[in-house]
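The values are calculated or read from the model by the stated rules, or taken from the named source; none is laboratory data. Just so you know, these numbers come straight off a predicted model, no measurement behind them. FYI the Cβ positions are ideal-geometry reconstructions off the backbone, even for glycines, and counts take in every protein chain you see. The protein model used for the area step is the full one, side chains on, heavy atoms only, and it has no ligands, DNA or RNA in it. Shrake-Rupley method; radii C 1.70, N 1.55, O 1.52, S 1.80 Å.
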Amino acid sequence: MLRRDLLATLAAPLAATAQEVNRTRGLPPLTIKNVRIIPTSGGGRYQWVFVKIETSEPGLYGLGSASNVNNAFSVVSAIEKHYAPFWIGKDVARIEDNWQNTHVRSYWRNGTIHNNVLSALDMALWDIKGKRAGMPVYDLLGGKARDAVPMYAHADGRDLNALTESARKYIEEGYRHVRVQLGGYGGGGMIAPGQGSRPATGFRGVAFDEELYVDVIPKMFEHLRVKLGNDVKLCHDVHEHLTPIMAVELSKRCEPYRLFFLEDVLAPEQIQWFRNIRQVCTTPMAMGELFTHPLEWVPLISERLIDFFRGRVSQIGGITAAKKVAALCETFGCRTAFQEGGDNDPVNQLAAYHVDLSISSFGIQEENHFPRIVHDMLPGTAVLKGGYLYGSDKPGLGIEINEALAAKHPLVPPPGGDSWTTVRGMDGSLVKP
Ligand code: MG
């Protein structure tokens, strides 16, 4: 190579750096100037909390999700009273340092509300960094490792025919992966109100019976394989309703139907039982949407006891944490299936999307169908088409918020006193979600 060519090659990246240096020469570091909290119902049934981190550069800000469907008002109060004052004045460029500093700010770490707040800051800082660089976040994370993000659909039906038709509709839309549920949480194991042998007084409502459930679900898969064939990749969510030995039994009985994964077959308190499941069958295991502490997922991944990590990005510490989990998954042959769920918001969905696009250990992403008003309130909300998710490709996360529209739909406490997690057995005892 000629000397002048060599010098030109060396000078090219330096020119880009020099441009940034020139632009910021003599200026103090870009800092967090203000933290805006935007709570909203999303135009209806949602419980969302967004955080807008405003910087010392006029007009430059980042958006993050601190949503927590069960404790939304606690998150708002935590940010307002404790975290926002801690963040003001911090250097926005130092994402890792701000993450670690916020992580230990409360001394006690890994709490659910704390993790929501930490995740919101982290997403907003990545959003700001992307906007400054003029790149989507996935480019900052290493660039695309795939062209779009495959999603799994949620098929449901009160009986086998309705479920088959629901699944068929999604397959025809282009979905290759479909989660199949026989009538909501615990469906297939539910006994109708007042039916069966009940105590003389007390609980008379819909009751869960695990023997019934473990009998019905394999029959459901047998029916679906006959009707739908083997091409579709089927998932099922147990919602942690089983005692550990029945979880082992169900996993074994599902093996012939070649599931893509069986989700949350164990409660988080009983995850050591994954060792027993691994010894008796090859049904792929997905777990983690209730996890908030690395000590919950590190042993399961490093001992190769689960196949899909199901943590929610806004519940484990944001994009920074999700990238680290993805690297751990890659090392040990596990894959990601970041949790979304019906309460999810578009900012957290995009945080997962940018990580999904840029990692080798990606497995699948859970779907969300947002109504029109959400797309109006949050322009840049990713679009779901033919079983794949597409972001806007704009710099940063690629999403904005219409605060005036969000203000028209304020956060209100959910009707019914947050009782959806309460499931009871025939004798009236609690079944853990
Ligand atoms: Mg689940």
Simple SL model, points at 7 angstrom along Cα→Cβ for Tyr107 and Asp91; separation in nm is 2.8 nm
Mean Cβ-within-10 Å packing, highest first, puts peptides 117-127, 329-339, 199-209 in the order 117-127, 329-339, 199-209
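What ranking, highest mean first, results for peptides 365-374, 158-167 when packing means the other Cβ atoms within 10 Å averaged over each residue?
Result, highest mean Cβ count within 10 Å first: 365-374, 158-167.
Averaged per residue, what accessible area in Å² does the chain show with a 1.4 Å probe, protein chains only?
On the way: 19150 Å² over 433 residues.
Solvent-accessible surface per residue comes out at 44 Å².
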Helix 210-228: inclination vs the chain longest Cα principal axis, degrees, rounded to 10, gives 70 degrees
Simple SL model, points at 7 angstrom along Cα→Cβ for Val383 and Thr422; separation in nm is 4.4 nm
Distance in Å, no decimals, from the C-alpha centre of segment 209-236 to the one of segment 131-200 is 14 Å
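Count charges around Gln270 for me, please; just the other residues with Cβ under 13 Å from its Cβ, Lys/Arg as +1, Asp/Glu as -1. Don't skip to the end; give the middle numbers.
Details: positive: Arg275, Lys432; negative: Glu240, Asp264, Glu269, Glu296.
Result for the neighbourhood of Gln270: -2.
Just add up the charged neighbours of Leu378: K/R +1, D/E -1, any other residue whose Cβ is under 9 Å from the Cβ of Leu378. Before the final figure, lay out the partial values.
Working: positive: none; negative: Asp345, Asp376, Glu400.
Net of charged neighbours comes to -3.
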Hits in segment 339-374: amide N under 20 Å from the 7 Å Cα→Cβ extension of Arg45, namely 339-349, 366-374
Note, segment 326-337: 3J(HN,Hα) by Karplus (6.51, -1.76, 1.60, θ = phi - 60°), whole Hz, Gly/Pro = x, goes 4, 5, 4, 4, 4, 4, 10, x, 9, 10, 8, 8
Counting only protein heavy atoms with a 1.4 Å probe and every protein chain in place, the carbon and sulfur fraction of the accessible surface of the chain in whole percent equals 54 percent
Rounded to the nearest 10, the angle in degrees between the Cα long axis of helix 346-358 and the longest principal axis of the Cα atoms of the chain comes to 80 degrees
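Grab the eigenvalues of the alpha-carbon gyration tensor for segment 37-150, scale each by 5, take roots, and send me the semi-axes largest first in whole angstrom. Intermediate values should be presented prior to the final figure.
Values: eigenvalues 105, 70, 43 Å².
They are 23, 19, 15 Å, listed largest first.
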Each label sits 7 Å from Cα toward the beta-carbon; between Lys252 and Lys81 the label points are separated, in nm, by 5.1 nm
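What's the extension gain from Lys432 to Thr201 if we count 0.36 nm per residue and subtract their Cα-Cα distance? Write out the running numbers ahead of the final one.
Details: separation 231, 0.36 × 231 = 83.16 nm, distance 2.22 nm.
Here the answer is 80.9 nm.
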Measuring from the longest principal axis of the C-alpha atoms of the chain, the long axis of helix 3-24 (C-alpha) lies at a number of degrees, nearest 10, equal to 80 degrees
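Of all beta bridges DSSP finds with both residues in segment 292-433, what is the antiparallel percent, to the nearest 5? If you can, show how the numbers build up before the last one.
Values: 5 of 8 bridges.
DSSP beta bridges in segment 292-433 are roughly 60 percent antiparallel.
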Scanning the chain, every Cys lacking a C-beta partner under 4.7 angstrom -> Cys235, Cys254, Cys281
